[in-house]
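None of the figures in this text is laboratory data; all of them are computed from the coordinates on show. What you see is a predicted model, and the numbers here were worked out from it, not measured in a lab. So basically every Cβ, Gly included, is an ideal-geometry build from the backbone, and we count neighbours across all protein chains shown.
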Amino acid sequence: MASHALKLSRRLFTGMVLAVFIATLAPYAEGGPLKPILKPVSPAAVMSVKALPDLVVKPPSWSSPPKAGDPIGTASVLNLTVLNQGSAAAGVSKLKIACQPLGGTGCPGVLDGTIDIQPLDPGQSMTYAWPPANLAEKWVPGQYRLTFSADDAKQVAESNEPNNTSHLIFTVPSKKNFEAAKDMAPISQAPALAVSLVIPVLSPTGGSEHETGQPLPVKWNEAPASAYPTINILLVNAQDGQVVETIKSGAANSGAYLTWPAPQMYAWPGTSYRIKITTPDNKVHGQSGVFTIVAPKEKKKVPFILDAQITNGWAYARGGDLRPQDCMSAPQVQAGRQPGSHEVKVGHFVKEAAHGECRYYDEYYFRSRVTFDMDALAGKEIVEATLMIRQGDSIKLYPPNNNSEVSSRCDIYRLNGAWPASPQPLYDFYPGTLLESFSLFGENETAHIELLNVVKDWAAGQANHGLMLRGPVNRSHYAPSASVNYYHSVKLVGWYLE
């Protein structure tokens, strides 16, 4: 005889455990008790949902409808807002704007472009102005469709990718149609209104970033307000248009104001700004694209080492009783060895000599020009710069009991002009500005001379004629006398910020 037994299973159903008893057939011994067979079924594992960002472009709005013939990006500007409506932060991404003509001659090229979107927390948004001002390109009559694609480069993993794209269709009427529409308007007895003028603000541009502490480049087209000698420059909040700071009241209407450094307190993440320019009576005004103010990027110190390019120069004179005929053929006295291509030779050398009936002396004065190729440092922010120079051999010669003209000192000048060919002007030869002096006493001893201000000038593009090294004696009063120093391993070392 067969009978029914019960089998127990458990299932997970909408968050609750539902016990379902299912009747099954099971044999049992005749006359034996009925024993249900219970088989528990484990609930299925619950899947976890990962939090993701979701970028969308909110419906854009015009500051004023575009008109045929108006410069693009001046009077008519779109406010574009990218919102992260997801549950996780979104990293940097790109917003692509593409134009498609639906009627007319084609899209102006400036309507296509890309805006860099900064990281957005959940619920956070950023607003940008589009298109950028372009006085050379004007609105053309026709119908257009703009497509806005958030995260066009697929840099952000989102919970809903298909909602990244939105569209805007608009029409730019022809001037003829616009004039016809005006002709059809009813005649008003009210006084005629003046034409509304807008000041095109060319900089800062939409989507740009500007570091605190650096001058903010404010530029505008002064022509629409040419009747006003001065204007007011304001920093306003891009979201609500509230004035944050009056940058300059009564600024000259020259088209540029480049001396306002953005303060650190305006570098708030998620906050964006515009520059607003108004005439004193507020009848003519305009504003820039949306930009952000950011903290300065951390800079790193980078070392540099520049080898010197050396040009040795000299001056020469002969003195003594030069009347005998033998003086005409007297050889020159050798003034020590010639310097090598990487050596500096400075000082003076005066030596007596005789040739037949001629008694004479030769004078030599040595100077060197040291230059450095600054191309690699052009425009760099120099923070340390030191001239390194090492003592080589030397010549010392002086009359007994008188060494007043023997010196280990070397003077360094910043040259103010071209280096003349040798033989150079004699004695009073100072073609530059004295910077520093140093003295070395032992062979291979090294001097370190700080040249920060000079090197900063050179890196900034000021004239670089190099340095002159010379001894302290302007003219020797003794024969024989000598103080000649040879230097080598001349280098410019330091650091710049990058």
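Electrostatic bookkeeping for residue 203 treats Lys and Arg as +1 and Asp and Glu as -1; over the other residues with beta carbon under 14 Å from its beta carbon, the sum is +1.
Within the shell of other residues whose beta carbon sits under 14 angstrom from the beta carbon of residue 234, the net charge comes to +1, with Lys and Arg scored +1 and Asp and Glu -1. Positive contributions from Lys and Arg (+1) and negative ones from Asp and Glu (-1), summed over other residues with Cβ under 14 Å from the Cβ of residue 438, come out at -1. Would you mind classifying the chain by shape? Square roots of the alpha carbon gyration tensor eigenvalues, ordered a ≥ b ≥ c; an a/c under 1.5 is rounded, otherwise it is prolate if a/b is larger than b/c and oblate if not. Oblate is the answer for the chain, as a/c is 1.5 or above yet b/c matches or exceeds a/b. Peptides 287-294, 205-212 ranked from most to least packed give 287-294, 205-212, packing being the mean of other C-beta atoms within 10 angstrom over each peptide's residues. Computed from Cα positions, the angle between helix 175-184 and the longest principal axis of the chain comes to roughly 50 degrees.
For the peptides 237-249, 354-366, the ranking by mean Cβ contacts within 10 Å, running from highest to lowest, is 354-366, 237-249. Averaging the sequence gap over all C-alpha pairs within less than 8 Å and six or more residues apart, then dividing by the number of residues, gives the chain a relative contact order of 12 percent. Taking other Cβ atoms within 10 Å as a rough exposure proxy, 218, 333 sort from fewest to most as 333, 218.
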